[in-house]
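Visitor: My questions all concern the structure below.
Where a number appears in this text, it was derived from the coordinates with a stated rule and is not lab data. Worth saying up front: this structure is predicted, and the values here are computed from it rather than measured. Cβ sites come from the backbone with ideal geometry, for glycine too, and all protein chains shown count toward neighbours.
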Amino acid sequence: MSERIRYACQEHSWAGYKPCPCCFPESSLAAPTGLFGVELIAVERQRQISQEGWTSAHDDEHTEGEMISASIAYAVAAHDQVIGETLPDGPPATWPWESGWWKRDADPVRNLVKAGALIAAEIDRLQRKSK
C-alpha cells in the first residue's frame, strides 16, 4: 500500500493528504502519530497482509463471521479501557480463534485500529464474494 488517502475540498480549492485545513483545523483531527484513524487502519491492514500473511485467500476462508467477532472483541476492549473497566486476562467469550491469537494492546487506539482493520478485511471479503 504505497498510496495514501487524498482529500479534496472544492469550497477552498484544496487537495492534499489530510482534510482541508480551513474546514478541519489540524488540532481537531490529527492523531499523536500524525496519521488519521483511517490511515492507521490502512497501515494495520497492510501489516496484517505483509507480516502476518492474512491474505485475501486466507480471509475468504472465514465465512462464519469470525473477523466481525474479532473486531467486536477489540472494539469492546478499547471501550472498556476508555471507561476504566478492569480487563480480563484472556480473550472475551466472543473471540473466534485460539486464545494465543488474542493480542489486546494497552493502548485503546491500537485496539480500535485492529478492530478497524478486521472490519476492512471483512468488507473486502464480502465484496469479493458478491462478484
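Visitor: Calculate one ³J(HN,Hα) per residue across segment 50-66 by plugging θ = phi - 60° into the Karplus curve 6.51 cos²θ - 1.76 cosθ + 1.60, and present them in order as whole Hz with x for glycine and proline.
Guide: Rounded to whole hertz, the list is 6, 9, 8, x, 7, 6, 4, 4, 5, 4, 5, 6, 8, 9, 10, x, 4.
Visitor: Also: For GLU98 and THR55, compute 0.36 nm times the residue count separating them, minus their Cα-Cα distance, and round to one decimal in nm.
Guide: Result: 13.6 nm gained on full extension.
Visitor: Residues with beta-carbon under 14 Å from that of ALA57, excluding ALA57: net charge, scoring Lys, Arg +1 and Asp, Glu -1?
Guide: -2
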